[in-house]
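Q: Would you mind keeping the following structure in view while I ask a few things?
The values are calculated or read from the model by the stated rules, or taken from the named source; none is laboratory data. Since the model is a prediction, treat every value here as computed from it, not as a measurement. Glycine gets a Cβ as well: all are built from the backbone with ideal geometry, and neighbour counts include every protein chain shown.
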Amino acid sequence: MANPLWPLPQLYKKPSMVWSALDLLFPPFCCNCGVLGFELCPDCIKKIVVLNQRNLCPICGDISINGKICSECQINKPYFDQLRSWGAYSGVLREVIHKIKFNHGLGLIGYFTIPSVGFIKSWNIEIDYIVPVPLGKTRRHYRGYNQAALIARPISRNLHIPYKLRALSRVKETSSQVGLNAKDREQNVLNAFEGDLEINQNKSVLVIDDITTTGSTLNECAKALRNAGAKKVYCFTLARTPISINLLEELEAK
Ligand SMILES: [Zn+2]
Ligand SMILES: [Zn+2]
């Protein structure tokens with residue numbers, strides 16, 4: 001599939017001479033294929049499947065022929081206005097997100113700021129501020145960082161849209177969503193978030209996370225923001241699963 005957002009300009013600028021010197025001593029290698037000189041090499045970047053929005057549901061972003069509202073959204077409209085993801089959670093992007101999340105591959109985040117910014121600009125939505133999906137205290141403690149916040153902050157800077165961490169907080173520690181089915185995921189995150197009643201009044205909010213699986217976490221975030229007075233809630237994630245690449249390619253070939 002042609003990838004409209006690549007090739008990209010210099011995406012990840014090393015912040016100082018110290019980093020350049022460190023790169024000479026310990027050259028980076030591609031997290032996917034291992035080639036030296038890049039944290040993510042141009043060949044692997046080209047393999048990322050950027051989602052064509054034409055065949056996705058305009059509300060939840062799941063596959064839907066000709067972009068019609070899917071049956072699930074017709075029956076059970078989510079709390080968010082729209083959920084959009086940039087790429088398909090498979091192959092290289094899956095590898096990259098895994099590295100970001102579980103292996104401290106934080107340098108990789110910079111590769112996705114400009115494509116995400118381009119995507120959000122082309123989306124044409126009005127946003128008052130950006131907020132990441134808050135991580136539970138226990139996981140934050142063990143991981144040491146919230147990857148959603150590290151993805152969201154440079155996007156907000158590039159878009160010149162405020163970043164408001166306090167707009168949304170996690171009020172319930174939840175277990176990992178990995179391995180849970182859709183119903184259990186929904187139960188697991190039920191009422192896990194709370195929106196700030198002052199910040200969110202009548203505002204249009206963009207919530208950012210790394211991956212969408214069933215959308216239940218983002219839906220709960222949107223519910224909390226709406227209960228706190230937000231008038232619009234949009235959600236953006238770098239990747240989406242379980243998008244079937246084969247089905248999407250079939251639809252696009254038509
Ligand atoms: Zn590579
Ligand atoms: Zn839908």
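Q: Given the structure, is Ile75 away from ligand 1 (no atom under 16 Å from the Cβ) and surrounded by fewer than 19 Cβ atoms within 10 Å (Cβ to Cβ)?
A: yes
Q: Return a yes/no flag: does the stretch 90-99 have any residue that is among the hydrophobic types (A, V, I, L, M, F, W, C) and in a strand (DSSP E or B).
A: no
Q: May I ask you to list pairs of residues, at least six apart or on different chains, whose Cβ atoms are under 7 Å apart, with the first in the stretch 32-60 being more than 16 Å from ligand 2 (Cβ to nearest atom) and the second being of a type in the set (Ser, Thr, Tyr)?
A: From residues that are more than 16 Å from ligand 2 (Cβ to nearest atom), the pairs are Leu40/Tyr111; Val49/Ser90.
Q: Working only within the stretch 144-158, note down all residues that are assigned to a helix (DSSP H, G or I) and crowded, with 17+ Cβ neighbours inside 10 Å.
A: The answer is Gln147, Ala148, Ala149, Ile151, Ala152, Arg153, Pro154, Ile155, Ser156.
Q: Considering only the stretch 209-231, how many residues are small (Gly, Ala, Ser) and assigned to a loop (DSSP other than H, G, I, E, B)?
A: Residues in the stretch 209-231 being small (Gly, Ala, Ser) and assigned to a loop (DSSP other than H, G, I, E, B): 4 in total.
Q: I need the full set of residues from the stretch 41-54 which are surrounded by 18 or more Cβ atoms within 10 Å (Cβ to Cβ) and more than 19 Å from the chain's Cα centre (by Cα), in order please.
A: Correct list: Cys41, Cys44.
Q: Report whether or not Phe112 is more than 16 Å from ligand 1 (Cβ to nearest atom) and either over 21 Å from Leu206 (Cβ atoms) or in the same structural domain as Ser156 (by TED's automatic domain parsing) (or both).
A: No.
Q: If you don't mind, there's one more thing I want to ask. Mind counting the residues in the stretch 61-87 that are in a loop (DSSP other than H, G, I, E, B) and near ligand 2 (Cβ under 8 Å from one of its atoms)?
A: Result for the stretch 61-87: 6.
Q: Before we move on, is Pro115 buried (at least 19 other Cβ atoms within 10 Å of the Cβ) and closer than 23 Å to Leu168 by Cα?
A: The answer is no for Pro115.
Q: I'm told Ser90 meets every condition in (1) within 16 Å of ligand 2 (Cβ to nearest atom); (2) surrounded by fewer than 19 Cβ atoms within 10 Å (Cβ to Cβ); (3) in contact (Cβ under 8 Å) with a residue 24 or more places away in the chain; (4) polar (S, T, N, Q) except one. Can you identify the failing condition by its number?
A: Checking Ser90 against (1) within 16 Å of ligand 2 (Cβ to nearest atom); (2) surrounded by fewer than 19 Cβ atoms within 10 Å (Cβ to Cβ); (3) in contact (Cβ under 8 Å) with a residue 24 or more places away in the chain; (4) polar (S, T, N, Q), the one that fails is (1).
Q: Please enumerate the residues belonging to the stretch 44-72 that are within 16 Å of ligand 1 (Cβ to nearest atom) and either acidic (Asp, Glu) or out of contact with any Ser or Thr (no Cβ under 7 Å at 6 or more places or on another chain) (or both).
A: The answer is Cys44, Ile45, Lys46, Lys47, Ile48.
Q: So, Leu150, is that one touching a Gly at 6+ places or on another chain (Cβ under 6 Å), modelled with pLDDT of 90 or more and more than 16 Å from ligand 2 (Cβ to nearest atom) or not?
A: No: the conditions fail for Leu150.
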